[in-house]
């Protein structure tokens, strides 16, 4: 209840509202977080998710998990990742999702960074496909000050290029904080 209240205070203080959510019957999913162009994306997204009653797990660089910030990151669902090592994160995340008891929603920004990228990273897709779970389309629309989740889960077909085009089509109407960094 505490974090939900904090989320509400942050969103209301910034003038944001939420839209959509996650069907309570859905137990496992990969939640795409896009567009990701600003440091503000994280506190706004986490506030919105808490307000919507959605608890997520997410990966973040291990450097963010030291000191007091580390406690906060873990409390919010963060899992530290050593980006200097080659990890089989896709397989590990898919296995974790497939074997999880109860609800588990994994938040993954497909760009992998706030900087401009030419191509999305495909890990979110492969995690969902391997774990046989749907992809939820989460967004932050700075134009509308709306944080939301598309109401319909997306089920990967195995045709990555066609599926990615359908996913990206949803995001074309979303306004990021820094449009010049968005390549959706």
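The values are calculated or read from the model by the stated rules, or taken from the named source; none is laboratory data. Only a predicted model underlies this, so the values are computations on that prediction, with no experimental measurement involved. Note that each Cβ is placed from the backbone with ideal geometry, even for glycine, and that neighbours are counted across all protein chains shown.
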(message) So, restricting to helices (runs of 4 or more DSSP H) that lie completely within the range 1-86, which ones have at least 2 residues that are farther than 24 Å from residue 131 by Cα and touching a residue at least 24 places away in the same chain (Cβ under 8 Å)?
(response) 2-14, 41-51
(request) Determine, yes or no, whether residue 105 is modelled with pLDDT of 90 or more, in a helix (DSSP H, G or I) and buried (at least 16 other Cβ atoms within 10 Å of the Cβ). (result) no
(message) Condition (residue is surrounded by fewer than 20 Cβ atoms within 10 Å (Cβ to Cβ) and within 17 Å of residue 97 (Cα to Cα)) applied to the range 27-50: is it met by at least one residue?
(response) yes
(request) May I ask you to verify whether residue 82 is at pLDDT below 85 and either within 25 Å of residue 16 (Cβ to Cβ) or surrounded by fewer than 16 Cβ atoms within 10 Å (Cβ to Cβ) (or both)? (result) yes
(request) Hey, could you check the range 138-156 for residues that are in contact with a helix residue (DSSP H, G or I) (Cβ under 8 Å, 6 or more places away or on another chain) and touching a residue at least 40 places away in the same chain (Cβ under 8 Å) and say which is farthest from residue 166 (Cα to Cα)? (result) 145
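To keep it simple, each residue is scored yes or no on (1) within 17 Å of the chain's Cα centre (by Cα); (2) in a helix (DSSP H, G or I); (3) crowded, with 19+ Cβ neighbours inside 10 Å; (4) modelled with pLDDT under 95.
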position: 115; (1), (2), (3), (4): yes, no, no, yes
position: 121; (1), (2), (3), (4): yes, no, no, yes
position: 127; (1), (2), (3), (4): yes, yes, yes, yes
position: 148; (1), (2), (3), (4): yes, no, yes, no
position: 152; (1), (2), (3), (4): yes, no, no, yes
position: 156; (1), (2), (3), (4): yes, no, yes, no
position: 163; (1), (2), (3), (4): no, yes, no, no
position: 173; (1), (2), (3), (4): no, no, no, yes
(request) Determine whether the range 9-18 contains at least one residue that is at pLDDT 85 or above, surrounded by fewer than 16 Cβ atoms within 10 Å (Cβ to Cβ) and in contact with a strand residue (DSSP E or B) (Cβ under 8 Å, 6 or more places away or on another chain). (result) yes
